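Novice: Can you read through this structure? Questions will come right after.
The values are calculated or read from the model by the stated rules, or taken from the named source; none is laboratory data. Remember, it's a predicted structure, so these values are computed and weren't measured experimentally. Glycine also receives a Cβ, built like all others from the backbone with ideal geometry; neighbour counts cover every protein chain displayed. Calculation scope for accessible area: heavy atoms of the full protein, side chains included, ligands and nucleic acids excluded. Shrake-Rupley method; radii C 1.70, N 1.55, O 1.52, S 1.80 Å.
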Amino acid sequence: MEQMSLFDDRERTAPLASRLRPAKLSEFFGQGHLLGEGKMLRQLIEKDQISSMIFWGPPGVGKTTLASIIAKQTRADFINFSAVTSGIKEIKEVMNQAEDGRRMGIRTVVFVDEIHRFNKAQQDAFLPFVEKGSIVLIGATTENPSFEVNAALLSRCRVFVLKALEQEELFRVLKQALNSSRGLGGQDIRITEEQLYAIAAFANGDARTALNTLEMAVLNGEISPEGSIWVTKEGMDQCLNRRSLLYDKSGEEHYNLISALHKSMRNSDPDAAIYWMLRMLEGGENPLYIARRLVRFASEDVGMADSHALTVAVNAYQACHFLGVPECDVHLTHAVTYLAMAPKSNALYAACEACKQDIRNAPAEPVPLQIRNAPTKLMEELHYGEGYEYAHDTPEKLTRMQCMPDSLKDRTYYEPGGQGAEAQVKKRLACIKAWKKQEDQSE
């Protein structure tokens, strides 16, 4: 009786999300694209035909739970590895045991949570045993496996992408928690559906966050004389005061968000640009990184259409350097909005890339003699500077002197667009080229 009492107490005091972890597929919420009737992953689990796989998705969507369900339903030994505490020695010991089991006809399923935290050597230790079929490897990761899992190991695993739960799915999870005997079903909890939907929205697709928030709201509720627990508006406000944003400054989401910011500004959408920039900033991104990307954008996507954009971007960088977070958020918003609304031209970027290609692929030609300096008598004797034409000596401030190497004399890199101030630059350049062509024809 004592052991049972201790067990019951442990179950009762465990976190709500742990107590409600599904033990079978029928209790699992979400991932209908993988686990719906007739879907591939469901069939593999039900028929006990699983092969090595990787579950990729954001936190709280059921990666570890799915592995636990597989452990209960598969006819195999199940080993849980921690990327934090397991070294190569431990991996090899377990792999050798699995190989012995294979010879005896016993399958071994190895679950590796946060497989992206394993280094290359640790991942390589699994590879020969996956290849031989000694183990079925199930990895779980919040990071893009293309970046974080060795290509050789990844090629031998099927990747299943798990999605963030919909708000309605999270609402059902919360309702189940209130009614389940494993959850809060034994208590008289007074909470409105509106409050449950607010928790579901706050959780941002994460069932664990939703259940933890519900549990916190109940613990902070007011207890009536009759023993009912009322979840108040004030208690809810405290529980929902800050959302934990999915953002890894070195992972895929980092590149997704900076790409979203860049492309929103390029598309002249200031609202989207402000949103993505602040998502990065609220997620903990270094404001100087964002500011550096804005400086690049000012020349790459605005360029000569509005040269003042570069000044605005550099000034924003300086403001971020002086003030830091949180004060610099308005300066970044200023720069992002300006860049989004500025006329756009990628002519400078195109010129830069085209010229780099010629430099890399063509021979490095000498500088034409007429545009070399001749600071010594020897250089004069070698005809350095001979034929140089000083543009300021002409009424037009122009000459027909060739400045490009012979093999590239007709090459054009900069082709100005017609937006903003660059429209005037385009007219000016057209006039210059027409004048030079006319001069050539008059020779």
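Novice: Just need the Rg to Rh number for the chain, please, alpha carbons only, Kirkwood Rh.
Specialist: Values: Rg = 32.4 Å, Rh = 27.9 Å.
Answer for the chain: 1.16.
Novice: Another question, if that's okay. Per residue, how much accessible surface does the chain expose to a 1.4 Å probe? Answer in Å², no decimals.
Specialist: Values: 25200 Å² over 443 residues.
Dividing the accessible area of the chain by its residue count gives 57 Å².
Novice: Each residue of the range 38-51 in turn: what ³J(HN,Hα) in whole Hz from Karplus with 6.51, -1.76, 1.60 and θ = phi - 60°, glycine and Pro shown as x?
Specialist: Per residue, the Karplus-derived 3J(HN,Hα) values read x, 6, 4, 5, 4, 5, 4, 6, 5, 8, 6, 10, 6, 10 Hz.
Novice: Sticking with this one: If I stretch the segment between D269 and N373 completely, what's the gain in nm (0.36 nm per residue apart, minus their alpha carbon distance), one decimal?
Specialist: Stretched fully, the D269-N373 segment lengthens by 32.6 nm.
Novice: What's the magnitude of the charge dipole for the chain around its Cα centre, counting Lys and Arg as +1 and Asp and Glu as -1 at the beta-carbon? Answer in Debye, nearest 20.
Specialist: The calculation lands at about 1000 debye.
Novice: Given charges of +1 on the Cβ of Lys and Arg and -1 on the Cβ of Asp and Glu, with all other atoms neutral, how large is the dipole of the range 339-408 about its Cα centre, in debye to the nearest 20? Don't jump to the answer; show the numbers that get you there.
Specialist: On the way: 7 positive and 10 negative charges, 76 e Å.
It works out to roughly 360 debye.
Novice: May I pose another question? Per residue of the range 351-362, what does 6.51 cos²θ - 1.76 cosθ + 1.60 with θ = phi - 60° give for ³J(HN,Hα)? Whole Hz please, x for Gly and Pro, Karplus curve as stated.
Specialist: Each residue's phi maps through the Karplus curve to give 5, 4, 5, 5, 5, 4, 5, 5, 5, 6, 9, 9 Hz.
Novice: Give, as ranges by residue number, the residues of the range 354-392 whose backbone N falls under 18 Å from the point 7 Å along Cα→Cβ of R400.
Specialist: The answer is 370-371, 387-392.
Novice: Taking only DSSP H segments of four or more residues, each worth -39500 (n - 2.57), what value at 222 nm results for the chain once the sum is divided by all its residues, to the nearest 500 deg cm²/dmol?
Specialist: The helix-only estimate for the chain comes to -15500 deg cm²/dmol at 222 nm.
Novice: Still on this structure, please answer the following. Starting from the Kirkwood Rh over alpha-carbon pairs, what translational D in µm² s⁻¹ does the range 256-351 have by Stokes-Einstein at 20 °C and 1.002 mPa s?
Specialist: Once the numbers are plugged in, D ends up at 168 µm²/s.
Novice: What list of ³J(HN,Hα) values in whole Hz, one per residue of the range 271-276 in order, does the Karplus curve 6.51 cos²θ - 1.76 cosθ + 1.60 (θ = phi - 60°) give from phi, with Gly and Pro shown as x?
Specialist: Working through the residues one at a time gives 5, 5, 5, 5, 4, 5 Hz.
Novice: For H334 and E222, what does the FRET efficiency come to when R0 = 41 Å and r is the distance between their Cβ atoms, rounded to the nearest 0.05? Could you put the intermediate results ahead of the total?
Specialist: Details: r = 45 Å, r/R0 = 1.09.
Efficiency, from the Cβ-Cβ distance: 0.35.
Novice: Suppose we keep just the DSSP beta bridges with both residues in the chain; what percent of those would be antiparallel, to 5?
Specialist: On the way: 2 of 23 bridges.
So the antiparallel bridges amount to about 10 percent of the total.
Novice: If you don't mind, there's one more thing I want to ask. Could you please state how large a percent of the accessible area of the range 350-443 is carbon and sulfur, counting protein chains only and using a 1.4 Å probe?
Specialist: 53
Novice: Shifting gears a bit: So what's the convex hull volume per residue for the Cα atoms of the range 28-85, in Å³?
Specialist: Dividing the Cα hull volume of the range 28-85 by its residues yields 99 Å³.
Novice: Give the list, by residue number, of cysteines in the chain with no other Cys Cβ closer than 4.7 Å, or say none.
Specialist: Lone cysteines by the Cβ rule: C157, C239, C352, C355, C403, C431.
Novice: Determine, from the Cβ-Cβ distance of V161 and L25 and an R0 of 22 Å, the FRET efficiency 1/(1 + (r/R0)^6), rounded to the nearest 0.05.
Specialist: Efficiency, from the Cβ-Cβ distance: 0.75.
Novice: Under a 1.4 angstrom probe, counting protein chains only, how are C352, C157 ranked by accessible area, largest first? Don't skip to the answer; put the middle values down first.
Specialist: Details: C352 65, C157 15 Å².
Solvent-accessible surface, decreasing: C352, C157.
Novice: Cα centroid distance between the range 364-443 and the range 70-129, in Å?
Specialist: Cα centres, the range 364-443 to the range 70-129: 68 Å.
Novice: By accessible area of protein heavy atoms, probe 1.4 Å, what ranking do K233, K433 get, highest first?
Specialist: Reading off the accessible areas and sorting them downward yields K233, K433.
Novice: Once amide H atoms are placed 1.01 Å from N in the peptide plane, what residues at a sequence separation of 5 or more from G139, or on another chain, have their amide H within under 5 Å of its amide H?
Specialist: Amide H to amide H, under 5 Å and 5 or more residues apart or across chains, G139 pairs with M53, I54, F55, V112.
Novice: Students sometimes get this wrong: rank K437, K344, K24 by accessible area, probe 1.4 Å, all chains present, largest first.
Specialist: Listed by decreasing accessible area, they come as K437, K24, K344.
Novice: Using a 1.4 Å probe over the heavy atoms of the protein chains, calculate the carbon and sulfur portion of the accessible area of the range 46-88 as a whole percent.
Specialist: 50
Novice: Which one, L154, L170, C239, is farthest towards the positive end of the dipole of the range 149-242 when Lys and Arg carry +1 and Asp and Glu -1 on their Cβ?
Specialist: With unit charges placed on the Cβ atoms, the residue in question is L154.
Novice: Taking H placed 1.01 Å from N in the peptide plane, check which residues at least 5 places from V109 or on another chain put their amide H under 5 Å from its amide H.
Specialist: Amide H to amide H, under 5 Å and 5 or more residues apart or across chains, V109 pairs with D77, F78, I79, V136.
Novice: Note the angle between two axes, namely the Cα long axis of helix 422-442 and the longest principal axis of the Cα atoms of the chain, as a number of degrees from 0 to 90, rounded to the nearest 10.
Specialist: 40
Novice: Could you list the residues of the range 371-407 with an amide nitrogen less than 12 Å from a label point located 7 Å from the Cα of C355 in the Cα-to-C-beta direction?
Specialist: 404
Novice: If you don't mind, there's one more thing I want to ask. Give me the number: length gained by fully extending R411 to S82, i.e. 0.36 nm times residue separation minus the C-alpha to C-alpha distance, one decimal in nm.
Specialist: 112.5 nm
Novice: What dipole magnitude, in Debye to the nearest 20, does the range 29-147 give about its Cα centre under +1 on Lys/Arg Cβ and -1 on Asp/Glu Cβ?
Specialist: 180
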